[in-house]
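The values are calculated or read from the model by the stated rules, or taken from the named source; none is laboratory data. Here the structure is a predicted model, which is why all the values come from computation and not from measurement. As a convention, Cβ positions derive from the backbone with ideal geometry for all residues, glycine included, and neighbour counts pool all protein chains shown. Accessible surface areas use protein heavy atoms only, side chains included; no ligands, DNA or RNA. Shrake-Rupley method; radii C 1.70, N 1.55, O 1.52, S 1.80 Å.
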Amino acid sequence: MRLFLDTANIEEIRHAARLGILSGVTTNPSLMAKESGISYRERVVEICEVVNGPVSAECISRELADLLKEAREVATWHSNVVVKIPIDEVGLEATAVLSREGIAINMTLIFSANQALLAATAGASYVSPFVGRIDDAGQDGMEVVRESVAIFDSYHLPAQVLAASLRHPRHVIAAARAGAPIATLPYTVLKAMVKHPLTDVGIERFVADARSYQAEPARERANS
Ligand code: G3P
């Protein structure tokens, strides 16, 4: 399973890359709105220079001609860029055209396995169910991941399920168990995955024991 970071914050991305766990990044306009003093294009290029993997950059145009123009432009930003397009009829039509041109698409705002099937059939390379938001609506977000993975596998659809809108570490495990080849995580979820209280206690004890051992004179150790 590949782990992506769901952020437009370059420091978070640099840190995750240093940890050796980062295979890609997903961004969207809401994540970009938290950043300041830099254009979306500049930030995406900056991210692409840190991450040797797919970096999703989202289009906002709502008319087909505008969306095609915007997507073709976004695709030129960097060879790592994957163009993110929300699913609707215009989005599907654009995906059909752009995928035939060899542009990689991440179809986003997926809330049902039906939408996932349509996105994959239209030619999206990545399909992003929003697990947390489905859960928020009182349904089972992970079931959409599970069904989408099963459908893509059964029919050899080349699209990859990218589990998104993950809110906590158990979501990541559930996505892995549901067979999602990719999960995109907020930085806070990544940090929470690293931590375990027993690890902290264990490190503290090892360090304290090592100090007491090192403090003991070598002579006494030799005589004991
Ligand atoms: O990747 C999708 C993500 O950014 C949405 O997350 O927590 O706003 O539902 P959330």
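Among residues belonging to region 180-202 that are in a helix (DSSP H, G or I) and among the hydroxyl-bearing types (Ser, Thr, Tyr), point out the one that is farthest from Val82 (Cα to Cα).
It comes out as Thr199.
Of all residues in region 147-179, count the ones that are closer than 21 Å to Ala17 by Cα, of a type in the set (A, V, I, L, M, F, W, C) and outside any helix (DSSP H, G or I).
Result for region 147-179: 4.
Which of the residues spanning region 151-181 are open to solvent by 50 Å² or more (accessible area, probe 1.4 Å) and of a type in the set (Gly, Ala, Ser)?
Matches in region 151-181: Ser154 only.
Would you please list the contacts, defined by Cβ atoms under 8 Å and residues six or more apart or on different chains, that run from a residue in region 186-202 that is farther than 14 Å from Leu3 by Cβ to a residue that is open to solvent by 70 Å² or more (accessible area, probe 1.4 Å) and not in a helix (DSSP H, G or I)?
Once the first residue is farther than 14 Å from Leu3 by Cβ and sits in region 186-202, no partner that is open to solvent by 70 Å² or more (accessible area, probe 1.4 Å) and not in a helix (DSSP H, G or I) comes close enough.
In this structure, is Leu31 in a helix (DSSP H, G or I), more than 13 Å from the chain's Cα centre (by Cα) and of a type outside the set (Asp, Glu)?
It is false that Leu31 is in a helix (DSSP H, G or I), more than 13 Å from the chain's Cα centre (by Cα) and of a type outside the set (Asp, Glu).
If you scan region 36-78, which residues turn out to be farther than 16 Å from Tyr126 by Cβ and hydroxyl-bearing (Ser, Thr, Tyr)?
Ser36, Ser39, Tyr40, Ser61, Thr76
Output the number of the condition that Leu67 fails; it satisfies all remaining conditions of (1) under 15 Å from Thr7 (Cα atoms); (2) touching a Cys at 6+ places or on another chain (Cβ under 7 Å).
Failing condition for Leu67: (1).
Taking Ile21, is it away from the ligand (no atom under 15 Å from the Cβ) and in contact (Cβ under 8 Å) with a residue 60 or more places away in the chain?
So Ile21 fits the description; yes.
From Arg167, Arg146, Arg100, which residue is within 11 Å of the ligand (Cβ to nearest atom) and touching a residue at least 12 places away in the same chain (Cβ under 8 Å)?
Selected residue: Arg167, the only one of Arg167, Arg146, Arg100 that is within 11 Å of the ligand (Cβ to nearest atom) and touching a residue at least 12 places away in the same chain (Cβ under 8 Å).
Determine whether region 212-224 contains at least one residue that is under 28 Å from Ile85 (Cβ atoms) and not basic (Lys, Arg).
Within region 212-224, none of the residues are under 28 Å from Ile85 (Cβ atoms) and not basic (Lys, Arg).
Looking at Ala164, Ala122, can you tell me which residue is within 19 Å of the chain's Cα centre (by Cα) and at pLDDT 95 or above?
Ala164
Is it the case that Glu42 is part of a helix (DSSP H, G or I) and either of a type outside the set (A, V, I, L, M, F, W, C) or within 14 Å of the ligand (Cβ to nearest atom) (or both)?
It is true that Glu42 is part of a helix (DSSP H, G or I) and either of a type outside the set (A, V, I, L, M, F, W, C) or within 14 Å of the ligand (Cβ to nearest atom) (or both).
Return the total of residues in region 182-204 being exposed (fewer than 14 other Cβ atoms within 10 Å of the Cβ) and within 16 Å of the ligand (Cβ to nearest atom).
Residues meeting the conditions: 1.
Just give me the residues in region 170-184 being touching a Ser or Thr at 6+ places or on another chain (Cβ under 9 Å) and in contact (Cβ under 8 Å) with a residue 60 or more places away in the chain, in sequence order.
Scanning region 170-184 gives Ala180, Ile182, Thr184.
Just give me the residues in region 81-137 being assigned to a strand (DSSP E or B) and of a type in the set (Lys, Arg), in sequence order.
Lys84
Scan Asp140, Asp135 and give me the residue that is within 11 Å of the ligand (Cβ to nearest atom), among the acidic types (Asp, Glu), open to solvent by 20 Å² or more (accessible area, probe 1.4 Å) and modelled with pLDDT of 95 or more.
Asp135
Matching residues to (1) within 18 Å of Thr184 (Cα to Cα); (2) buried (at least 17 other Cβ atoms within 10 Å of the Cβ):
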residue: Phe4; (1), (2): yes, yes
residue: Arg14; (1), (2): yes, no
residue: Ala17; (1), (2): yes, yes
residue: Glu49; (1), (2): no, no
residue: Ile60; (1), (2): no, no
residue: Ala71; (1), (2): no, yes
residue: Asp88; (1), (2): no, no
residue: Gly91; (1), (2): no, yes
residue: Ile110; (1), (2): yes, yes
